[in-house]
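Worksheet: the structure to be examined is printed underneath.
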Amino acid sequence: MDRPAQPLGSPALSLGSPSVGSPPTERADAVRNRKHLLATAREMLAEQCGADGLTMDGLAERAGLGKGTVFRRFGTRAGIFQALLEGDERDFQEQVLAGPPPLGPGAPAPDRLIAYGRARIAFMIRNREIARASLDGRQPIPAGAETPMSRTHIRMLLGQMRLDGADLDMLAIQLTAALDAPPLLYLSTSDLTEPTGIEDRIGQAWQDLVRRICSA
């Protein structure tokens with residue numbers, strides 16, 4: 001299993017998928033409450049067909065727990081959606097680090113970079129409502145923290161290519177922004193239902209971009 005090398009420079013300003021790592025140790029009852037709240041939140045999202053109807057008060061009432069418990073587990077309404085994304089982010093990362101090629105190890109770096117971009121675009125579009133709701137406007141940077149692994153993984157793949165003279169750290173930041181920038185989360189209904197398929201068009205544009213970088 002390969003692991004991405006840590007790039008240089010400060011984090012890119014990209015969208016607010018939560019940082020995925022080892023969570024702090026919790027008491028057994030706290031773990032049960034968290035799992036129960038997240039399962040209840042997913043039920044509510046499925047029933048209400050959107051993130052706007054999910055509130056901390058509504059989640060507490062539906063789960064049969066006190067509002068204080070919801071605050072302790074998630075802190076803010078945005079924190080609920082950040083937690084909902086964590087499991088999907090871990091699954092996505094596992095596919096990148098240990099799944100079959102070309103997304104996983106074993107394919108040439110350009111093919112892996114193309115596959116990563118296509119997969120990330122699909123992930124962001126599929127989870128756009130939850131990702132939008134996970135953005136916390138009270139943060140100094142409302143767009144949120146850097147997406148776990150994206151810039152690191154892209155930088156690693158760029159380093160495996162022959163891109164003589166390119167500033168790979170800055171190029172990795174720019175490519176990460178192309179995948180996790182706000183436009184992917186704010187596509188309109190008409191964009192998403194157009195006959196040509198917006199996900200395929202964006203994915204093809206990413207592939208064209210990577211091919212041009214490799215041939216420059």
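Each reported figure results from applying straightforward, stated rules to the coordinates on display, with no laboratory input. All of these numbers come straight from a predicted model, not from anything done at the bench. Neighbour counts run over all protein chains shown; Cβ positions are idealised from the backbone, glycine included.
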What ranking do PHE81, PHE74 get, fewest neighbouring Cβ atoms within 10 angstrom at the top? PHE74, PHE81
Using θ = phi - 60° and Karplus 6.51 cos²θ - 1.76 cosθ + 1.60, couplings along the stretch 160-168 (whole Hz; Gly, Pro as x): 8, 9, 8, 10, 4, x, 7, 7, 5
Of the options ALA122, ILE154, LEU168, report the single residue whose Cα projects farthest towards the positive end of the charge dipole of the stretch 84-215 (beta-carbon charges: Lys, Arg +1; Asp, Glu -1). LEU168
Here the relative contact order (percent) of the stretch 84-215, from C-alpha pairs under 8 Å and at least 6 apart, is 29 percent
In the neighborhood of GLU199, defined by Cβ-to-Cβ distances under 13 Å, what is the net charge if each Lys or Arg adds +1 and each Asp or Glu adds -1? +2
Which Cα, out of PRO195, PHE92, PRO110, lies furthest along the positive dipole direction of the stretch 84-215 (beta carbon charges, K/R +1, D/E -1)? PRO110
So if each residue of separation counts as 0.36 nm, and I subtract the Cα-Cα distance between ALA39 and THR193, what length gain in nm does that give? 52.5 nm
